[in-house]
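Reviewing the structure listed below.
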Amino acid sequence: MLVPVPASGRTYRASRRVRLGDVRPSGRLRLDALARYLQDVANDDATDAGLPNAMGWVVRRVVLELAPRLPSFRDQVELVTFCGGTGSRWAERRTDVCVGGEPLARAAALWVYVDPVRGRPVPLPPEFLELYGEAAAGRTVAVRLRHDPPPADTDQRPWPLRATDLDLLGHVNNAIALAAVEDSLIRHEGLPQHLEIEYRDAIEPDDDTQLVRAPGHMWLISGGRVRVSARAGS
């Protein structure tokens, strides 16, 4: 159950128009575009708050609750984001995506705070708790990943990487996993009500990446290791 927008504590609000490059031929907002919205509003909030090392977060898990109707082409989307809980070296960022005040997508993303030089998790800084602690209201969140590996006999197909998949950090952007979900799960099974994505490791530019799909599940595998997995449900 995703926690609601808090009555007190820091929240950050932004809006944006759904553009041509964000949608499927039906006009529905694609999930990879939705993931970019979530990344952007998270970074905008951290930058606006003056948080040290605003770029020093690595996503481990994203949970999405999706309405039957998602935002469409030219909709004005409102986003509200806040801290839904904390751990010693990570925090949950909750975001609601609304049109006309109606939540059409709700997200809970678990982000790990890392040292920008060593790339290792480090404790949340005091400034973070001062800014976001009231909204988190003492809730704690766990970082443990839960998805099973793919069955041994499941078919694989290549998932070619493109130069446009890479972000500022030089590895495949988190949103690309949602493009794989669109191309596999949703193409065959339709839009789910609930979707959980786990990020186990980065996909690098030269990785030979394979996509594996089973009913309600998807995995991206490189070098024999699961890098990203997704699980859909109602």
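Since every read-out is calculated from the coordinates, none of them should be taken as a lab result. Just so we're clear, the structure is a prediction, and the values are computed from it rather than from any experiment. For neighbour counting, all protein chains shown are included, and Cβ atoms are generated from backbone atoms with ideal geometry for every residue, glycine included.
Structure data summary
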item: Stretch gain in nm, segment residue 8-residue 130, where the contour uses 0.36 nm per residue and the Cα spacing is subtracted; result: 42.6 nm
item: Cα pair distances of the chain binned at 5 Å [whole percent]; result: 1, 6, 14, 18, 20, 17, 13, 7, 2, 0, 0
item: Kirkwood Rh and Cα Rg combined as Rg over Rh, evaluated for the stretch 156-233; result: 0.95
item: Extension gain from residue 89 to residue 120, taking 0.36 nm per residue of separation minus the Cα-Cα distance; result: 10.2 nm
item: Relative contact order (percent, whole number), the stretch 80-217, Cα cutoff 8 Å, 6+ residue spacing; result: 21
item: Exposed trypsin sites (Lys or Arg not before Pro) absent - longest run of the chain, DSSP non-H/G/I/E/B, at most 15 other C-beta within 10 Å; result: 20-68
item: Sequence-separation-based contact order of the chain, relative, with Cα cut under 8 Å and 6+ spacing, percent; result: 21
item: Base-10 log of normalised Debye intensity for the stretch 10-130 (one unit scatterer per alpha-carbon) at q = 0.14, 0.16, 0.22 Å⁻¹; result: -0.60, -0.76, -1.22
